[in-house]
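Note sheet for the following structure.
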Amino acid sequence: MKASDLFVQALESEGVEYIFGIPGEENLDLLESIRNSSIKLILTRHEQGAGFMAATYGRLTGKVGVCLSTLGPGATNLVTPAAYAQLGAMPMLMITGQKPIKTSKQGRFQVIDVVDMMRPITKYTTQIVSPDRIPSSIREAFRLAQEERPGAVHIELPEDIAAEHGNTPVLTPTSPRRPIAEYKAINRAVEMIEAAKSPLLLIAAGSNRKLTSKMLRELVDKTGIPFVTTQMGKGVLNEEDPLFIGNTALSDGDFVHRAIKRADLIINVGHDVVEKPPFFMEPGGQQVIHVNFASAAVDPVYFPQLEVVGDIANSIWQIKEKITPQAHWKTDFYKDVHSALVQHRDEAQRDDRFPVLPERLVCDIRKAMPDDGIVTLDNGVYKIWFARNYPAFSPNSLLLDNALATMGAGLPSAMAAKMVYPDRAVLTACGDGGFMMNSQEIETAVRLNLHIVVLILRDDAYGMIKWKQANMEFENYGLDYGNPDFVKYAESYGAKGWRISSADEIVGRIQQCLDEPAVHLIDCPVDYSLNDETLNKTIKQLSQKL
């Protein structure tokens, strides 16, 4: 059998549906094998877009998203998506081409050591040197990509190897069971929670994988213990629940941090140190129980007193089964924090100024989106407002990146989300800076007939850095730019373009776009001028009153 056919058969055996990417001449044997397979090639306009789509596919399905590039510049364009998937714990396989490794008449043209380049940002990287190595290499790559903690893997298939023949049979995928926590750790966790005066549940990134949501729901229902979330833990439990106290979008000084400081025990479920610290531990301070698939990565602000290591859902189930709710638990203060959070959020909805404030815009998007709708974010200062003010009702319904925190991922993520969930409403909120980094994928979305809404929060500047610049009391410098006419830009690709001219238009326009199948782009001017005052001063002053 031709090696490229064997390679694709191995991918089919792993259940691969799509390959996102841009082939080059070194991939042509593989491309022909894909053409004759059940796998669909999703041709993108940049390798970054392909990588972000593959990573998001992995994030949403738990299966390995696959992307493809040629050698050299094609492979280097996958570096950012590789880091995005690796830090964000998204299972993704990158396949890159290479010049012939046995006989080549092109010297070192376009040749770099891609395998070595990928090593620091992947769980596994290898070059195929023989067709007989293909089945085992692909099986190992998929195993490692999906194994906790998930991440990126890479296989390089040289041009001459792809054209050779081999007879090694494809390996059958296996689904190994994850280890469960030791009973002594479970018993000690139950003792610590029952003895606490004000326990608090913190739900983080690792809880948004596997089927943890159901077990956490049962634990909260049984105990009534309030919960907070990290940015990548949003939606694991419905954030309209009165026991939801807030999100750790800011590093300190928000309403939620008053609750965290009042807690004498934090049950930290799925915490991943790639996220900004949701709280800062201090020697002699509150106790922390670390519940995760792996042991804690200890640093100066995180050194838990107990580690419950094993499958998270099973650990939570065991704790739930053994725990007895305690009459001495104090939760009234947490209710005050929840009330302050809701009041502050409601006040933002009544602000009619234009250009719109980001906190008002976030509330309007929540009004317009159906309960099961998916919002993907690019990266910018508005991400903080979404984390704070956008209640997520279900897991992975607000896709933000608080790990690599890269710009340019919002639009490709929305495209992948729509492919995975074609019957759910999908909107991506992008800053104008982040959108322009991969805006060419609008053509891909139109070509694929995807029904998505692209909402551009336009401030004609790199707003996140402006906020930091103002906070450091530096002069406004070096962060302003010009933009195209976004309406005409969208229409040039065959999408529909819209422009917001008042705050009152936002909800209706989004709903209209969600109702009409097409690729829609909405240009919405945003006013970030109050960010420094609100995020760094006003919120901290209000929280101190609790």
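The values are calculated or read from the model by the stated rules, or taken from the named source; none is laboratory data. Nothing here was measured: the structure is a model prediction, and the numbers come from that model. Cβ coordinates were reconstructed from backbone atoms using ideal geometry, including for glycine residues, and neighbour counts include every protein chain displayed.
Assorted remarks:
- Region 408-422 - residue that is more than 12 Å from the chain's Cα centre (by Cα) and within 19 Å of Ala387 (Cα to Cα) and, of those, surrounded by the fewest Cβ atoms within 10 Å (Cβ to Cβ): Gly408
- Taken over region 491-546, the criterion of being outside any helix (DSSP H, G or I), touching a Lys or Arg at 6+ places or on another chain (Cβ under 8 Å) and outside the structural domain of Pro355 (by TED's automatic domain parsing) is satisfied by Leu546 alone.
- Any pair with Cβ under 6 angstrom, 6 or more apart, that starts in region 112-128 at a residue that is charged (D, E, K, R) and ends at one that is part of a helix (DSSP H, G or I) and surrounded by fewer than 19 Cβ atoms within 10 Å (Cβ to Cβ): Lys123/Leu144
- Taking region 249-287 as the range and being out of contact with any strand residue (DSSP E or B) (no Cβ under 7 Å at 6 or more places or on another chain) and in a helix (DSSP H, G or I) as the test, the residues that pass are His257, Arg258, Lys261, Arg262.
Residue by residue, here is whether (1) touching a strand residue (DSSP E or B) at 6+ places or on another chain (Cβ under 9 Å); (2) over 17 Å from Pro81 (Cβ atoms); (3) crowded, with 24+ Cβ neighbours inside 10 Å holds:
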position	(1), (2), (3)
Phe7	yes, yes, yes
Glu17	yes, yes, no
Gly21	yes, no, yes
Glu25	yes, yes, no
Ser33	yes, yes, no
Arg45	no, no, no
Ala54	yes, no, yes
Arg59	yes, no, yes
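- Among residues of region 463-485, those that are aromatic (Phe, Trp, Tyr) and in contact with a strand residue (DSSP E or B) (Cβ under 8 Å, 6 or more places away or on another chain), counted: 1
- Residues satisfying the stated conditions in region 334-364, i.e. out of contact with any strand residue (DSSP E or B) (no Cβ under 7 Å at 6 or more places or on another chain), under 18 Å from Leu457 (Cβ atoms) and aliphatic (A, V, I, L, M): Ala348, Leu357, Val362
- Applying the set (1) assigned to a loop (DSSP other than H, G, I, E, B); (2) farther than 29 Å from Lys468 by Cβ; (3) touching a strand residue (DSSP E or B) at 6+ places or on another chain (Cβ under 7 Å); (4) free of Cβ contacts under 8 Å to residues at least 40 places away in the same chain to Trp329 leaves exactly one unmet item: (4).
- Qualifying positions in region 511-530 - among the small types (Gly, Ala, Ser) and in contact (Cβ under 8 Å) with a residue 60 or more places away in the chain: Ala518
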